Each structure stands twice: as C-alpha cells, then as structure tokens.
Amino acid sequence: MLAYGRCFSKGKRFALSADDVKNLPLHGAVMNFHDWVMEERDKLAARAANPAEAAKVGAALSEPEKKDRRVEGIVIFASSHEVVNDVGVRQLGGLASELAKQIAGKAQEQQDVVLKEAQQLKLDDLYELPVIGTWPPGEDDEAGDDAGEVSS
C-alpha cells in the first residue's frame, strides 16, 4: 500500500492522479477501492503523536443487567486498520498493473518528444557534454569512462 500510494505523491512532476485511475478500462468500484487504499496507506504511514493511540485496551464487562456485574477480561486492539485479504491483494495488483500499462504508454510518448528535441540539437555540442555511465560497466571500461555513450 505504501508503494502504491507513493505513485500519487503530490508535488512530484510525473506523479499519477485520480484521473489516471478513473480512465482505466476497469469495471466496478475502482475509485472507491483506490480511495480506500489511499486512506489505509495514510493510516499506516502516519505516526501517532501519542503512543497510546497505537493500541487501545478495553474492558470486557459482564451484562449490565446481571446482579454480580464485573470485569470479565480485557480486549486489546493493536491496530485500527483493516486487514487486507487475498481478494484485496489481487484487486490492488490488478489496479497497479493497469496503471503500469498506462504509464508505459505515457513514457513512450514522452521519450518520442525528447528524441525529437535531441535530434534538433547540434551534434558537436552533444559530444562535448560529459558521458552518462551505465551499470554495470563493461570489462574494458574504466570507472567513469563509457566511450561511445550518448550524453544528456
């Protein structure tokens, strides 16, 4: 959930938005599920200001009508979060998969734009720029020396 939520971080230049989820070719309560995942992510990521908020302890009382009313036990609620079952995991996986396909299409479009712009630059100027290394370097390459690679 945390990783999914990071894809929608505000302030990031290429973050996903709720519109990206709305535009998916999925049926059902997709937005409701997305909103629920984001809410749960926020709960999981939030740090309680008061450590006592992380767990709640309650007293299990006898029936109030009983003559001998008493505390019969305690109940500990370690978390206020719902547990995600296997259906939820599959739904989140399906949603993430569809978003990944959508992002791949957008990335390809952006790559095409960048390529056209790069083709308009002067080649001599490009060859003067520092080389961008790749990983892992080849056996013949020295550290930081990747001859023949295109610079940014």
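Residues that are assigned to a loop (DSSP other than H, G, I, E, B), at pLDDT below 70 and not acidic (Asp, Glu) within the range 65-87 comprise ALA78, SER79, SER80, HIS81, VAL83, VAL84, listed in sequence order. Annotation note: Cβ proximity below 7 Å between a residue of the range 91-116 that is farther than 15 Å from ALA3 by Cβ and touching a residue at least 24 places away in the same chain (Cβ under 8 Å) and a residue that is acidic (Asp, Glu) and part of a helix (DSSP H, G or I) (sequence gap 6+ or interchain) occurs for GLN102/ASP20.
Which of the residues belonging to the range 6-32 are at pLDDT below 90, surrounded by 13 or more Cβ atoms within 10 Å (Cβ to Cβ) and farther than 14 Å from SER97 by Cα? Residues satisfying the conditions are ARG6, PHE8. Cβ separations smaller than 8 Å between residues 6+ apart or across chains give the following pairs from the range 126-139 residues that are under 22 Å from LEU115 (Cα atoms) and surrounded by 10 or more Cβ atoms within 10 Å (Cβ to Cβ) to residues that are small (Gly, Ala, Ser) and at pLDDT 75 or above: LEU126/ALA118. Applying the criterion of being aliphatic (A, V, I, L, M), touching a strand residue (DSSP E or B) at 6+ places or on another chain (Cβ under 8 Å) and surrounded by fewer than 11 Cβ atoms within 10 Å (Cβ to Cβ) to the residues of the range 39-64, the residue that is modelled with the lowest pLDDT is VAL57.
The values are calculated or read from the model by the stated rules, or taken from the named source; none is laboratory data. Remember, predicted model here, so these are calculated numbers, not experimental data. With ideal geometry, Cβ positions are generated from the backbone for all residues, glycine too; neighbour counts draw on all protein chains shown.
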